[in-house]
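J.: Okay, handing you the structure first.
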Amino acid sequence: MASFKALLKEQVLLPIIQADTAEQGVAIAGAMQQAGIHLVEVVLRTEASIAALQAIKAAYPQMVVGAGTVTNADILKTAIAAGADFIITPAVSPNLLSQLRDCPVPVVPGVSNSADVLLAVEHGFTELKLFPATLSGGAAFIKAMGAVFPQVTFCPTGGISDKNKDEFLSLPNCVAVGGSWVAPTSWVAEASWDKITSACQVANTPAAG
Ligand code: 3PG
């Protein structure tokens, strides 16, 4: 199975799509694609999220479309049936990690402390999300984990913006930064697709050095 990093390729932004309708999801994804984004996460937090995920895959067959906010086996099953190309969770538990073990697509479990990291590693996962990143130690936490879990890489989300993304991206064990700041609900509500494209272009620029 491909790793999450292999799906990301050179992309360093994991843009989050939260859509109230399938059409809105397609418009957001289209604006992101204009910025050269080929991989997105649809968070399963609205009634229309699964329809949005399916519609994005139909409209942009080359796009890699993951499902986020996966917190139990039922949501996991629904996301996989809808064609999710990868799975992201906001947190971990022994039960959820067991359910995720046989997942047919890459999984990025969400951790918020070192005990979570150990638990995820014990279940065989080494590509982790740090969430909520800025409240859970931020870049300093990821740096510290590099010393004790050298096999683990992180994709932090939660509180990331253009102001702090480079602190994370300059770390060798941080593969990407994720977030909703590139497509806030206010821009989506006013159909400011150009703003989403511009924000994704800026955010997907790797840290210098
Ligand atoms: C997530 O699901 O990862 C978070 O909602 C992203 O957090 P943000 O909205 O602060 O970017």
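Taken together, the values in this text are just the output of simple stated rules run on the coordinates, not laboratory data. From a predicted model like this one, the values you see are computed outputs, not experimental measurements. Heads up, the Cβs are rebuilt from the backbone with ideal geometry, glycines too, and the neighbour counts pull from every protein chain shown.
J.: Stretch Ser186-Asn113 to full length: gain in nm at 0.36 nm per residue minus the Cα-Cα span?
T.: Going from the current span to full extension adds 23.1 nm.
J.: Restrict the search to segment 49-121; then list the trypsin sites (Lys or Arg not before Pro) that DSSP places in a loop and that have at most 15 other Cβ atoms within 10 Å of their Cβ. List each step's numbers first, then the result.
T.: Values: sites: Lys57, Lys77, Arg101; in loops: Arg101.
Sparse-neighbourhood loop trypsin sites (Lys or Arg not before Pro): Arg101.
J.: Let me check against my output: what whole-number percent is the relative contact order of segment 12-203, with C-alpha pairs under 8 Å and at least 6 apart? Intermediate results must be reported in sequence, preceding the final value.
T.: Working: 367 pairs, mean separation 40.8, N = 192.
Result for segment 12-203 is 21 percent.
J.: Compute a Gaussian network model of the chain, connecting alpha carbons closer than 10 Å, and tell me which residue from Ile16, Ile80, Ile196 fluctuates the most.
T.: Ile80
J.: Classify segment 12-203 as rounded, prolate or oblate from the Cα gyration tensor: take a ≥ b ≥ c as the square roots of its eigenvalues, call it rounded if a/c is under 1.5, otherwise prolate when a/b beats b/c and oblate if not. Intermediate values should be presented prior to the final figure.
T.: Numbers: a/c = 2.10, a/b = 1.27, b/c = 1.65.
Oblate, since a/c reaches 1.5 and b/c is not below a/b.
J.: Suppose R0 equals 22 Å; then what is the FRET efficiency for Asp74 and Asp20 from their Cβ-Cβ distance, rounded to the nearest 0.05? The partial results should precede the final answer.
T.: Working: r = 22 Å, r/R0 = 0.99.
Result of the calculation: an efficiency of 0.50.
J.: Ranking Cys103, Cys174 by Cβ neighbours within 10 Å, fewest first, what do you get? Could the numbers behind the result be given before it?
T.: Numbers: Cys103 16, Cys174 23.
Fewest-to-most Cβ neighbours within 10 Å comes out as Cys103, Cys174.
J.: Only four residue types carry charge here, +1 at the Cβ of Lys and Arg and -1 at the Cβ of Asp and Glu. Report the dipole size of the chain about the Cα centre in Debye, rounded to the nearest 20. Working shown, then result.
T.: Working: 11 positive and 16 negative charges, 55 e Å.
Charge dipole, the chain, about its Cα centre: 260 debye, nearest 20.
J.: Let me ask something else. Multiply the residue separation of Ala207 and Cys103 by 0.36 nm, subtract the distance between their alpha-carbon atoms, and state the gained length in nm to one decimal. All intermediate terms of the calculation are to be shown ahead of the outcome.
T.: Working: separation 104, 0.36 × 104 = 37.44 nm, distance 3.21 nm.
Value of the extension gain: 34.2 nm.
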